[in-house]
Each structure stands twice: as structure tokens, then as C-alpha cells.
Amino acid sequence: MKPETLAAQAMHAIDRETGAIVPPIPLATTYARDDRYALRGPMYARDDNPIYPAVERVLAALEGGAGALVFPSGMAAATAAIRAYLKPGDHLIAPRVGYFAVRHWIQRFCAKWGVAVDTVDTTRLDAVRAALRPTTRLVWFESPANPTWDVTDIAAIAEVAHAAGARIAVDSTCATPVHTRPLALGADLVMHSATKYLGGHSDVLAGALITKADDDVWAELKLMRHDEGPCLGPMEAWLLLRGMRTLFVRVEKQSRTALSLAHRLEALAGVIYPGLASHPQHAVAARQMTGGFGGMMSLRTGGGAERALAVVRKLRVWVPATSLGGVESLVEHRASVEGPDTPTPSDLLRLSVGLEHEDDLFDDLAQALS
Ligand SMILES: Cc1ncc(COP(=O)(O)O)c(C=O)c1O
């Protein structure tokens, strides 16, 4: 079946006991034994919650993976994955552009645990090739990457990394499985902040990892989640499953609106969007991303932080808030959030396009930029 069907039906997540077409929220943390002291199913809900397999089956199917694991946040998923690959003495290739909390954590983790790290522009294959060492275990990047939406050629990086004995993991939060399937392009692992498009309604914090193969790192990750306990709450898992049912209609519409807005806004400000011919990696995006370029873009207002923040103050439809991927359109001045050492230009506004009417979104930006 097609991914749209699998998502809409949550892979037929029908409750076996009652036939309910929406599964119950399993709140129990522990499970009774019978007269023979045997368990009927789960034992203890730390990482053995009956709703997990329902959510993880959908995630694995959407990404075409051998398995999936849910985590209580995108950061919990990302940090578990990076730790699972690396030990002291190993080498990591990390991206120059990407969600700032992940980039910061990588620096602190590597410094503390004796992991060598090179921060590389992963859109440049020659730069990645030059950075690879015999000790490189992992190439980690995000695509499209916050907040300039750099698009990295996943298949090309996989080829050079694998030839050097390294593996690659992709933060595909902003591409979503609707537009990119990194595992089919050669990635070993996909990570999502499920807080964003997968949940889709700005009401659940969650993370996910999906693996290509049931390999040594995957075994380690399963152990880590069990032993270290970064487990998603049952309510959150249920909300994530609910959100994923509408993933395709939401993301397809958000991408259509974003592309049209990007074209219309070009007359008013600098626009950074992988769907525009002016984007430096547009050709890679057009090849790698299927059915659209996603709902994220950035504007360059000119005039530094002062002008960018003045534009935000005039907006009435766009909500000034962090995060992305929800049904409501959000605007964020990333430099204010990322702090003084940010590489993000001071006049950049990040836009997360929601499900509102395109004209309302355009008119609001047009009046604010005028
Ligand atoms: C691309 C990307 N990766 C990872 C994260 C971290 O996810 P979470 O906030 O769910 O921990 C975010 C959050 O903004 C993100 O945008």
C-alpha cells in the first residue's frame, strides 16, 4: 500500500479487544501476571508500552526502515543516536548549518568524551570527502537545514561515507517522509523531531529514529532506550499516532502554499526556499525531494535585527513563536533565539507555513514589510 494509506489508517491500528478504530491510551505502567506467573503481554511500561509498536510500525513504514524507536523529544532521539555511534577516539563529521541546539550539544559532547569533530559544509561533497578519516564513524546532517534550508545530497554523501567505512544519519524533520526518504537514498538512520510535522499540531513533544538495518547500532539504541529510560509518555505517543494520520494532506498543502508564497514574496524581500531557482541547492532539492519542497522558508528583510523585529511586530496572522511544522503559521527571529555567537544573519526571519489561506499569509507579510 502507498504511504498515504498507511498513514491515514495508522496501519490499521484497530483495537483487538473492542474493534475501536482509534486505539486506547495505555496509561498502566505495570501489568499483572496470571496463575502461572506468566505475563499476557508487556511487563513494565518504561519502554514496553503497547502503543509504541503501533506508532513505530507507522514510522518505519513511512521511512521504509527495518525498525523505529520513539523518544520523548527530538533532542533525546538525536543525542541517543549520536552517542550510539561514537566512542572516545572516534571522529564525527557534523554540519555547519542545522538546528542550533543539536550543533551546540555535539560540540559539548565531543569535547567531553574525546570524540574528534569536524564541522563541515555538507552541501559540498568535496568538503565531506576531505574531512573523512579512517576513524570517522558518522556523518550527521540535517536536510533541508535550519534556518537557511541548505539541502545536502544524501545519496552522494552516503556513497563517499560508506566507501570510507563511515555511516550517515539524517535529521529529516523538515523534509518529512512526504518529501524525502533518506534510507532509500543510502542513509543508515533517519531522525525526526516528531514535535514538528509528524505530530503536526504543536501539542506534542516527541522524537523518532528509524533505521535502515537491524544492525549493531540499532541493538545499542534499543538497549540505551531501555536502560537509560528516555521514553515517550503514552498520551504523547497517542497524539503522535493521531497526528501522523493527516501528515500527507497537511504537508502537501503546506508545501504548495510555501512555494507560491516564496514566489510572491520575492518581490518584497530576499527569500530563501529550496523550491526557488535562486536557492543554491535547488537542483539537488528538485532531484532529491519528491512532491514539494516543504513548508519552511526564510526571509531576509534587510536592515539588520531592528528591521526584522519591526516586521514581526506588525504581523497579525503569523504568530511570533519558536518551533515549526504545526497547522498555524509561525515566524521567528532566529538570531534573537540563538544568541550572540549565531551564524544566522540578523535580518533573517524563519517562516513555518501552516494551513491558513495563502492570501491571508501573503497580505499579512506584505503589510508588515511595506
Ligand atoms: C531540525 C530539528 N531537529 C531537532 C530538533 C529538536 O527537537 P525537539 O524540540 O523535539 O527536541 C528541532 C527543534 O526545533 C529541529 O527543528
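The values are calculated or read from the model by the stated rules, or taken from the named source; none is laboratory data. Note that the structure is a prediction, hence the values are computed from the model and not measured. Cβ atoms come from the backbone with ideal geometry, glycine included; neighbour counts cover every protein chain shown. Note: areas computed on protein heavy atoms with side chains; ligands, DNA, RNA excluded. Shrake-Rupley method; radii C 1.70, N 1.55, O 1.52, S 1.80 Å.
Data for the structure
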read-out: Those aspartates and glutamates that a straight Cα-Cα span of less than 16 Å connects to LYS222, excepting residues fewer than 8 apart in one chain; value: ASP47, ASP48, GLU56, ASP188, ASP214
read-out: Highest-MSF residue in the chain out of GLY114, GLY199, GLY233 [GNM, Cα springs under 10 Å]; value: GLY114
read-out: The chain - mean residue ellipticity at 222 nm from DSSP helices (-39,500 (n - 2.57) per run, n ≥ 4, rounded to 500); value: -11500 deg cm²/dmol
read-out: Solvent-accessible heavy-atom area per residue, rounded to whole Å², over the chain at 1.4 Å; value: 42 Å²
read-out: Region 188-214-region 266-287 distance, computed between alpha-carbon centres (Å); value: 25 Å
read-out: Mean Cα-pair separation over length for region 282-370, i.e. relative contact order, pairs under 8 Å, 6 or more apart, %; value: 34 percent
read-out: Taking the C-alpha atoms of the chain, convex hull volume expressed per residue in Å³; value: 141 Å³
read-out: Relative packing of peptides 297-304, 272-279, 176-183 - highest average C-beta neighbours within 10 Å first; value: 176-183, 272-279, 297-304
read-out: Full-stretch length increase - LEU268, ASP341 - with 0.36 nm per residue and alpha-carbon distance subtracted; value: 23.4 nm
read-out: Cα centroid separation, region 71-93 to region 328-350 (Å); value: 25 Å
read-out: Mean Cβ neighbour count within 10 Å, used as a protection proxy, ranking 4-15, 37-48 highest first; value: 4-15, 37-48
read-out: Accessible area, probe 1.4 Å, largest first, for residues MET244, MET235; value: MET235, MET244
read-out: GNM top mover of LEU132, LEU27, LEU189 - the chain, alpha-carbon springs below 10 Å; value: LEU27
read-out: Against the rule of thumb 2.2 N^0.38 Å, how large the Cα Rg of region 1-156 comes out; value: 1.36
read-out: Paired Rg and Dmax values of region 203-281, which use every Cα atom, in angstrom; value: 19.1, 54
read-out: For the chain, built as a Gaussian network whose Cα springs stay under 10 Å, the top-fluctuating residue of ARG313, ARG36, ARG334; value: ARG36
read-out: Solvent-accessible area, 1.4 Å probe, carbon plus sulfur percent, for region 96-187; value: 53 percent
read-out: Point-charge dipole on Cβ atoms (K/R +1, D/E -1) for the chain, about Cα centre, debye to 20; value: 260 debye
read-out: Length gained when the stretch ASP227-HIS162 is fully extended (0.36 nm per residue, less Cα-Cα span); value: 20.4 nm
read-out: Pairs of alpha carbons in region 213-370 whose separation is greater than 21 Å (percent); value: 55 percent
